[in-house]
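Here the structure comes first, spelled out in structure tokens, and everything after it is commentary.
The values are calculated or read from the model by the stated rules, or taken from the named source; none is laboratory data. All values reported here derive from a predicted model rather than from experimental measurement. Positions of Cβ are generated from backbone atoms using ideal geometry, with glycine treated the same way; all protein chains shown enter the neighbour counts.
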Amino acid sequence: MINKIMKNTSQINPLENEAIYIFREVAAQFEKPVLLFSGGKDSITLVRLAQKAFYPAKIPFPLMHIDTGHNFPETIAFRDRLVKELGLELIVRNVQDSIDQGKVKEESGRYASRNQLQTTTLLDAIEEFKFDACIGGARRDEEKARAKERIFSVRDDFGQWDEKNQRPELFDMLNGQIELGQNVRVFPISNWTELDVWSYIEKEKIEIPSIYFAHTRATFLRDGLIWSADDDVVYRDEDEEVIERIVRFRTVGDMSCTAAVLSEASDISSVVQEIRDSSISERGARIDDKRSEAAMEKRKQQGYF
Amino acid sequence: MDVLKIATAGSVDDGKSTLIGRLLYDTKSLTSDKLEAIKNKSQQLGYDYLDFSLATDGLVAEREQGITIDVAHIYFSTVNKSYIIADTPGHVEYTRNMVTGASTSQAAIVLIDARKGVIEQTNRHFFINNLLRIKTVIVAINKMDLVDFSEERYNEIKSEFEVLMSKRDYQDQNIKFIPVSALKGDNVVNKSENTPWYTGETLLEHLENINQKDVLNTGTPRFPVQYVIRPKTEEFHDFRGYAGKVYGGELSVGDEVVILPSQTKSKIKEIHFYNQKVQTASRRSSVLITLDDDVNISRGDMIVKANDLPVIDKQFTATISWMDSQNLASGNKYVIQHGVNKVLAKVDTIHHKINPDYSGIDQSAQVLNMNDIASVTFKLNKPIFYDAFKDHRTNGSFIIIDSKSNNTVGAGFIQ
């Protein structure tokens, strides 16, 4: 028996304890929850927190990945290994299927991305499995519109977010009462910052995909951002010169909308140090938010995760 | 690392968003791309200064109207502490938002426009912080640059505020006055040269020096059972653990406990935090408890120390904050969520409403409208296990849910 005494409040991590509490509320209040898993560091952190919430029992709900088909191969390999090691159930739904069924239209041109198309695939999957709670790794510090998001955020039949009519959340009481057809998006790490997540990954020794660490990659420059050039997913003009650079990724979204940053940080402690020192926000490397200042809010109203 | 949650509130243009923006800017928490966006937008709007309120006013409607309409959460950190600011607006659903923001906070900043002094909003904000028993309140007297950094004006406002303080119910509140100019940066992070007569701490210095024991209300341990964990695996065949968060105090292995509502006695056998067994669970830790005896426990039950029981009753009187556009009237039925426990409730009596200017009470009130604060007795369909809010901030509070809309329509603090 390990006699570790959590005597002082300062020795416990309030954010971790809050997240565990939220996970348990989801399991208790909903019939069919699902954890939306992207293979990124935030959703990997969620998996660890869920393990902690239910140990020694298994996580009592499946993981679901909405696969754009444009993921980094490292992320997919990582995903499959994690699921196997933890004995979890994984559901994958493909944006390509939504395209083939004519439900969404592939974007074209130099900024083409499947990021927005995910929404349709996600909403279809929610309906297919009758999920009533979708747990995600969004954080309020990511973006201004997210700053107003609730921990339990109610979506209507069409997956829409009514930001003007949100339920007040008092103390840590979470009201998960919904009507049939509605569902709730749950954000257990709402109150974490990017640095909190990285520090947690370091402290917990959580394994994450290799693309988060410095590596050599064929890249090209556009709009001051560094894009991956070693695949067909990212549109590239012929005059956009390909150069090998030492880079890493700060977020792992779709390849077509996730830019790399120049970095020598090849292990977790140097990444944490880099985040501490850095002056560009995480979403600064996401082209989907730059489309307009209100881009995220608009996507959220439409049901985007 | 310590996390300090702070509620801010104020009226439309007393510079709250600017103050927060200034805190972010002076602590170098604004990233270069965010700062650039603020610069561009300020220029576009024709300002000759940086409008830091643009850093926090998140929703499109707000940017259009130039006001904040909901609770926004803002994060920054220093080497000592992580800060979470719940920024709440000062209009329309003002009380609802202020109560919400204050409920999750351990400290509050009340903002006063130095030109206007104490106004009804100040009164309301202070009253709510006091009602919610926020231990630390900072009164930031803002826009000092517009009153020539006058010490006399500062003292005048301070005395006006002290009149409010003399009427407060919760006397143990630590209150601190600071003269600031959020727009110019005086006494927010950096000490101002314009206020040589003020020798106290800047706003950030004060926040940095707030100790956990200055902000946390301690009481007796309460453990509401959130979820029962039964792995049914070979390794943990007969394992039955109770998951929950410890509120108000600590629980240790060997503690004699009583399970409510059955009032069965038992002892804490083990406390688990993930794959570790611990001797003591500190307050606000999310743990898993096992007991010596095989007791039938389900969600909503509560584990408490045997020598320290809460009140067990099918009715209570509470101060409630009404948050819905539909009125509350005697005889109305609602769901009350007390922690993780839900019961059906009926409004028995509306005793009185607090006057909107907090000058006194109105005993003739028949219904409650949005933003009203009132004393109400509820009758329940089954007993709950509660403490008075003044003794236990968690076990003395609840939310009211309308079972037709499923919305959270009110919050209450048990008397």
Failed item in (1) touching a residue at least 40 places away in the same chain (Cβ under 8 Å); (2) more than 9 Å from chain B (Cβ to nearest Cβ); (3) farther than 27 Å from B:K232 by Cβ, with A:K32 passing the rest: (3)
message: Based on this model, can you work out whether B:N211 counts as within 30 Å of B:A114 (Cα to Cα) and away from chain A (no Cβ under 11 Å)?
response: no
query: Is there a residue in region B:258-269 that is closer than 18 Å to A:E16 by Cβ and of a type in the set (K, R)?
result: no
- line: Flagged in region B:1-26 as within 13 Å of chain A (Cβ to nearest Cβ) and among the hydroxyl-bearing types (S, T, Y), in numbering order, are B:S17, B:Y25
message: Take A:R185 and tell me if it is outside any loop (DSSP other than H, G, I, E, B) and either within 11 Å of another protein chain (Cβ to nearest Cβ) or in contact with a strand residue (DSSP E or B) (Cβ under 9 Å, 6 or more places away or on another chain) (or both).
response: yes
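Conditions tested, residue by residue: (1) surrounded by fewer than 21 Cβ atoms within 10 Å (Cβ to Cβ); (2) facing another protein chain (nearest Cβ under 9 Å).
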position	(1), (2)
B:K267	yes, no
B:V278	no, yes
B:T290	yes, no
B:L309	yes, no
B:L328	no, no
B:N332	yes, no
- line: Residue pairs qualifying under the 6 Å Cβ cut-off, at least six apart or on distinct chains, with the first in region B:355-372 being under 21 Å from B:N129 (Cβ atoms) and the second being crowded, with 17+ Cβ neighbours inside 10 Å and among the polar types (S, T, N, Q), are B:Y358/B:N123; B:N371/B:T95
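Filter region B:385-397 for residues that are within 17 Å of B:V246 (Cα to Cα) and in contact (Cβ under 8 Å) with a residue 24 or more places away in the chain and give the result.
B:F385, B:Y386, B:D387, B:F389, B:D391, B:H392, B:R393, B:T394, B:N395, B:S397
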- line: Of the residues in region B:375-401, those that are more than 9 Å from chain A (Cβ to nearest Cβ) and under 19 Å from B:R96 (Cβ atoms) come to B:S375, B:V376, B:F389, B:I400
Tally of residues being more than 10 Å from chain B (Cβ to nearest Cβ) and touching a Lys or Arg at 6+ places or on another chain (Cβ under 7 Å) across region A:129-141: 7
Extreme residue, surrounded by the fewest Cβ atoms within 10 Å (Cβ to Cβ), among residues of region B:116-149 that are among the polar types (S, T, N, Q) and in contact with a helix residue (DSSP H, G or I) (Cβ under 8 Å, 6 or more places away or on another chain): B:N123
task: Might you let me know whether region B:383-391 holds any residue that is more than 13 Å from B:A318 (Cα to Cα), surrounded by fewer than 16 Cβ atoms within 10 Å (Cβ to Cβ) and modelled with pLDDT of 95 or more?
output: yes
message: All but one of (1) aromatic (F, W, Y); (2) in contact with a strand residue (DSSP E or B) (Cβ under 8 Å, 6 or more places away or on another chain); (3) away from chain B (no Cβ under 11 Å) hold for A:F171; state the number of the condition that does not hold.
response: (3)
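Pull up region B:230-246, narrow it to residues that are within 9 Å of another protein chain (Cβ to nearest Cβ) and crowded, with 18+ Cβ neighbours inside 10 Å, then point me to the one that is farthest from B:V311 (Cα to Cα).
Restricting to residues being within 9 Å of another protein chain (Cβ to nearest Cβ) and crowded, with 18+ Cβ neighbours inside 10 Å, the top hit is B:G241.
Per-residue answers, yes or no, for (1) more than 14 Å from every other protein chain (Cβ to nearest Cβ); (2) out of contact with any Asp or Glu (no Cβ under 6 Å at 6 or more places or on another chain); (3) under 23 Å from B:T8 (Cβ atoms):
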residue	(1), (2), (3)
B:R124	yes, yes, yes
B:I141	yes, yes, yes
B:M165	yes, yes, yes
B:D172	yes, yes, yes
B:S181	yes, no, yes
B:N187	yes, yes, yes
B:Y198	yes, yes, yes
B:R222	no, yes, no
- prompt: Is it the case that region B:41-52 has a residue that's assigned to a helix (DSSP H, G or I), at pLDDT 80 or above and surrounded by 14 or more Cβ atoms within 10 Å (Cβ to Cβ)?
  reply: yes
- line: Considering residues that are farther than 26 Å from B:K390 by Cα and either in contact with a strand residue (DSSP E or B) (Cβ under 9 Å, 6 or more places away or on another chain) or modelled with pLDDT of 90 or more (or both), the number found within region B:91-130 is 8
- request: Give the number of residues within region A:49-61 that are within 22 Å of A:E202 (Cβ to Cβ) and more than 9 Å from every other protein chain (Cβ to nearest Cβ).
  value: 2
task: Tell me, please, whether a residue that is crowded, with 20+ Cβ neighbours inside 10 Å, modelled with pLDDT of 85 or more and either of a type in the set (K, R) or touching a strand residue (DSSP E or B) at 6+ places or on another chain (Cβ under 9 Å) (or both) can be found in region B:24-37.
output: yes
